There are 2 protein chains.
Amino acid sequence: MPDEDNARLTLWTFDWVPEGPRGFVRDLRLRWACEEAGLHYQMRSVPFEDRGPDHLTHQPFGQVPFLTDGDLRIFESGACLLHLAEKDASLMPRDTGSRAETMSWVVSALNSVEMVSVPWWFVGLASPPENPLEGWLRARLDSLERVFEGRDWLTAGRFTAADLMMADVLRLPWVRAFGDYPATDAYVARVCDRPAFKTAHADQVAFFATADGNRARRKEDGG
Amino acid sequence: MPDEDNARLTLWTFDWVPEGPRGFVRDLRLRWACEEAGLHYQMRSVPFEDRGPDHLTHQPFGQVPFLTDGDLRIFESGACLLHLAEKDASLMPRDTGSRAETMSWVVSALNSVEMVSVPWWFVGLASPPENPLEGWLRARLDSLERVFEGRDWLTAGRFTAADLMMADVLRLPWVRAFGDYPATDAYVARVCDRPAFKTAHADQVAFFATADGNRARRKEDGG
């Protein structure tokens, strides 16, 4: 939970983003993990519009999120999630078999599903007659549908960090609008119905709404 | 090193692949890690042309590699590499700061670099007038060039699992042929000059050459 006074954990995001990505900026993955595990954190921001050397020192590609945990510095939402997950069994099961499966599914969400779904979306923005990534995305989503037809959670018979990452990748509206995947729809709805997701989502939306207000005031002040 | 008698670690790959991907199939990442860390392993294979339920039980997307380590089952080259890396400080530094950076860079190779370079290549196969992913790939490679202008290794002042994964993503010929990146070229050459890479690469090429021979014999036998 956000806690300015007692947090040694700092999550970094942009100081502002346009309205479209609000609720989807990847700092949500870390806010959500903190809510699930009851970890206290504070938010800090880097400029969205001018990604300077300070930002690049923490994140070489000028992305967010990144985090600091005492002296530790970690970037990439996947690496940050794995770091946070180690702090609590609610996210990372302690038995070695489920732990190995959780790791496998977290990485597959990033490197087998998101690696296709985000470039597919990006290529689609140019409205080509055919999107060359469409068949690849369909194959991935077909495979996942078979998985979710057989189980409610990816591993350990319960929610883990694997579900957090996979659901965050799959919940994008344009991914949900791709084809007919009832078991996956139900899975995404199940994971996103968790109070921790709702809190993290509301906190991110409020954060950027406040940023909007601050921006308007700076403009009024002639800044 | 390959060791049929003493290995509890089994790496799985395809029983055959066409000539093009030989030397690039992702089981190389795991062979390489085993060579770096002196881990004994055995290779097993699943059919390339008929990806059945046994394969999908271990790897839900019908990909390779996956591994078994005693009772543990892990899939995704990234998750498998992180598992192997934990076994030896040569791959995963023990100090918490370098460890956090190694994790960050491994994930960035998968989710920030390969997530762009592989779809860019795939889209390019269709020879579109413009590849919509080109600017994105250029931005990633520009960022990395600045990193490699300042250091020989990604973290810890020495080779780690982060370099193994990043170099394996960057060494693809069509990625190396993209633009002018002398510091990155030197980095990739430095990492791929390691004896462990050369052994792993030669072993993979020999493995698929033997598979070719077996295939030809089966055909002669009328199989």
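The values are calculated or read from the model by the stated rules, or taken from the named source; none is laboratory data. What you are looking at is a predicted structure, and each value in this text was computed from that prediction instead of being measured. So basically every Cβ, Gly included, is an ideal-geometry build from the backbone, and we count neighbours across all protein chains shown. Side chains included, ligands, DNA and RNA excluded: accessible areas come from the protein's heavy atoms. Shrake-Rupley method; radii C 1.70, N 1.55, O 1.52, S 1.80 Å.
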- log₁₀ of I(q)/I(0) at q = 0.17, 0.18 Å⁻¹ - chain A, Debye sum with one point per alpha carbon: -1.30, -1.42
- Item | Sequence-separation-based contact order of chain A, relative, with Cα cut under 8 Å and 6+ spacing, percent | 23 percent
- Message: Rounded to the nearest angstrom and ordered from largest down, what semi-axes does the equivalent ellipsoid of the protein assembly as shown get from its C-alpha gyration tensor (root of 5λ)?
- Response: 35, 25, 23
- Would you work out the relative contact order for the stretch A:96-192, in percent, from Cα pairs under 8 angstrom that are 6 or more residues apart? 35 percent
- Query: For the stretch A:9-89, how big is the tail of P(r) above 19 Å, as a whole percent of Cα pairs?
  - Reply: 32 percent
- Tell me, what % of the accessible area of the protein assembly as shown is carbon and sulfur with a 1.4 angstrom probe? 51 percent
- DSSP-assigned coil residues among trypsin sites (Lys or Arg not before Pro) in the stretch B:109-154, each with at most 13 further Cβ atoms within 10 Å: B:Arg151
- What accessible area, in Å² to the nearest ten, does a 1.4 Å probe give for B:Ser45? 50 Å²
- Query: Heavy-atom accessible area of A:Lys198 with all protein chains present, probe 1.4 Å, nearest 10 Å²?
  - Reply: 110 Å²
- Item | Placed amide H near B:Tyr41: partners under 5 Å, 5+ positions off or other chain | B:Asp3
- Copy-to-copy spacing for B:Trp174, label 7 Å out on the Cα-to-C-beta vector, in nm, shortest first? 2.2
- Query: If you stretched the chain out fully between A:Arg8 and A:Asp50, how much longer would it get, using 0.36 nm times the residue separation minus the C-alpha to C-alpha distance?
  - Reply: 12.5 nm
- Task: Would you work out the relative contact order for the stretch B:9-89, in percent, from Cα pairs under 8 angstrom that are 6 or more residues apart?
- Result: 39 percent
- From largest accessible area down, sort A:Glu49, A:Glu86, B:Glu35; use a 1.4 Å probe on the protein chains. A:Glu49, A:Glu86, B:Glu35
- Could you state how much accessible area B:Ser104 has, in square angstrom rounded to the nearest 10, with a 1.4 Å probe and all protein chains kept in place? 0 Å²
- Accessible surface buried upon B-A contact (total; probe 1.4 Å; Å², nearest 100): 3400 Å²
- Query: Based on Cα positions only, what radius of gyration and what Dmax would you give for the stretch B:129-199, in angstroms?
  - Reply: 12.7, 43
- Note on the structure: Net charge (Lys, Arg +1; Asp, Glu -1) of residues whose beta-carbon lies under 15 Å from that of B:Thr199, B:Thr199 excluded, is -3
- Message: Can you compute the FRET efficiency between B:Arg158 and B:Ala202 using 1/(1 + (r/R0)^6), with r the Cβ-Cβ distance and R0 = 22 Å? Round to the nearest 0.05.
- Response: 0.35
- Check: C-alpha center the stretch A:57-97 vs C-alpha center the stretch A:150-166, spacing in Å is 18 Å
- Cα gyration tensor category, rounded, prolate or oblate, for the stretch B:16-148 with a/c compared to 1.5: oblate
- Message: Run the label-point distances for A:Trp121 please: 7 Å along Cα to Cβ, every other copy, nanometres, shortest first.
- Response: 2.4
- Item | Exposure ranking of B:Arg176, A:Arg94, A:Arg190 by accessible area [1.4 Å probe, largest first] | A:Arg94, A:Arg190, B:Arg176
- Counting other Cβ atoms within 10 Å, keep those with at most 12, restrict to DSSP loop, and tell me which GluC sites (Glu not before Pro) in the stretch A:126-223 are left. A:Glu130
- With a/c under 1.5 counting as rounded, go ahead and sort the stretch A:49-117 into rounded, prolate or oblate using the C-alpha gyration tensor (a ≥ b ≥ c being the square roots of the eigenvalues; past the cut-off, prolate if a/b is larger than b/c, else oblate). oblate
- Task: Taking a cut-off of 26 Å between Cα atoms, list the lysines near B:Lys87, but don't count ones fewer than 8 places away on the same chain.
- Result: A:Lys87, B:Lys198
- Taking a label point 7 Å from Cα toward Cβ, how far is B:Ala206 from its twins in the other copies, in nm, shortest first? 6.3
- Calculated SAXS-style log₁₀ I(q)/I(0) at q = 0.21 Å⁻¹ - the stretch B:114-164, Debye, Cα scatterers: -0.79
